[in-house]
1. Only Cα pairs under 8 Å and at least 6 apart count here; give the relative contact order of the chain as a rounded whole percent.
2. Which percent, to the nearest 5, of DSSP beta bridges fully inside the chain are antiparallel?
3. Given a 1.4 Å probe, how much area per residue of the chain is accessible, in Å²?
4. Percent of accessible area on the chain owned by carbon and sulfur, 1.4 Å probe?
5. In deg cm²/dmol, rounded to 500, what helix-only [θ] at 222 nm does the chain give when every DSSP H run of at least 4 residues adds -39500 (n - 2.57) and the total is split over its residues?
6. Would you mind checking which residues have amide H under 5 Å from Trp163's amide H? H placed 1.01 Å from N; only 5 or more apart, or other chain.
7. Run the dipole for the stretch 13-279 about the Cα centre, Lys and Arg Cβ at +1, Asp and Glu Cβ at -1, nothing else charged, and hand back the magnitude in debye, nearest 20.
8. From largest accessible area down, sort Phe215, Phe222, Phe230; use a 1.4 Å probe on the protein chains.
Amino acid sequence: MTGMEAGVAGSGERDYVLGTHREEIERLGLQHRVWRPQVLECWRRAGITVGSRVLDVGAGPGYATLDLAEVVGPTGEVHAVERSGNFLEHARRACEARGLANVRFHEQDLMAGPLEVAHMDAAWCRWVASFVSDPAKLAGAVARALKPGGAAIFHEYLDYRTWRLAPPCPPLEAFVSEVMASWRASGGEPDIALSLPALLEDAGLTVTHLEPKVFVVPPTDFIWKWPSEFVEINLQRLLELGRVDEAWTQRVRQALRTAEADPRTLMITPMVLEIVARRRG
Ligand SMILES: C[S@@+](CC[C@H](N)C(=O)[O-])C[C@H]1O[C@@H](n2cnc3c(N)ncnc32)[C@H](O)[C@@H]1O
């Protein structure tokens, strides 16, 4: 089912290369649950605490937004900026359901115009820089939203090609190449963390922490679910985009199933770089 079939209004809904349909919302939820322990720990180290004012940049359906709102509590504030009205509506409803009144929602394109928020203690940005047309503009917008000393925290891909299986699985490697090509075709860059530290320095931030994150896990590990769910949903997306045909998707699906059925298989996950940078002056 596409976003339009799901009743999502507005042509902008199709802008994001991975889509904003229900399955993608669910996938982003699983992805957040897999990463939550890493994320909570990095927020704590960067100084996010009770009473903090935090910007969630490209918040998606709001999974991190909810956790941030709970961490900062009623004396703090979270501002979720997101282009997709469908995602933002999901975030809004989830906050209401949890009784969280400390979140403000901004339906805004990060590439168009200045952000409405300033003097933030921190900004959180995950898996967004790969999809924007101008990452330097993103770095500038984040820098301007922070107070002096405020922390910009990024989790972005450093080396997407680390995503492999052991023993090697050529159909999965072909899939990874196709995903990278599809992001580039839509104006993004998968390995954006190669450029981000320099862009942040140029934007008036000082990089204070860099940490690569990569996992090597068997099929029974919860972390396995993060990339494997992505394969299923993104095969559909690549078909929709007309980049591959049904037979190609079946080969990838079958190869992954076979690998998954063997408990000796290991998955090496796509490498993410954690970046913390502080606004100068
Ligand atoms: C992979 S999702 C990540 C969502 C969320 N940060 C998370 O970690 O779950 C990428 C998000 O970036 C948003 N995005 C991409 N380009 C954007 C832009 N120019 N302005 C605002 N949001 C954008 C997409 O709509 C999508 O919600």
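1. This gives 20 percent for the chain.
2. Details: 21 of 41 bridges.
Restricted to the chain, the bridges split so that about 50 percent are antiparallel.
3. Normalised by residue count, the accessible surface of the chain is 42 Å².
4. Values: 6360 of 11850 Å².
The value for the chain is 54 percent carbon and sulfur by accessible area.
5. -13500 deg cm²/dmol
6. Sorted by chain and number, the residues that satisfy this are Met271.
7. On the way: 30 positive and 36 negative charges, 88 e Å.
Dipole about the Cα centre, nearest 20: 420 debye.
8. Phe222, Phe215, Phe230
The values are calculated or read from the model by the stated rules, or taken from the named source; none is laboratory data. Model, not experiment: these values are computed from the prediction. Cβ coordinates were reconstructed from backbone atoms using ideal geometry, including for glycine residues, and neighbour counts include every protein chain displayed. Surface areas here come from the heavy atoms of the whole protein model, side chains and all, with no ligands, DNA or RNA. Shrake-Rupley method; radii C 1.70, N 1.55, O 1.52, S 1.80 Å.
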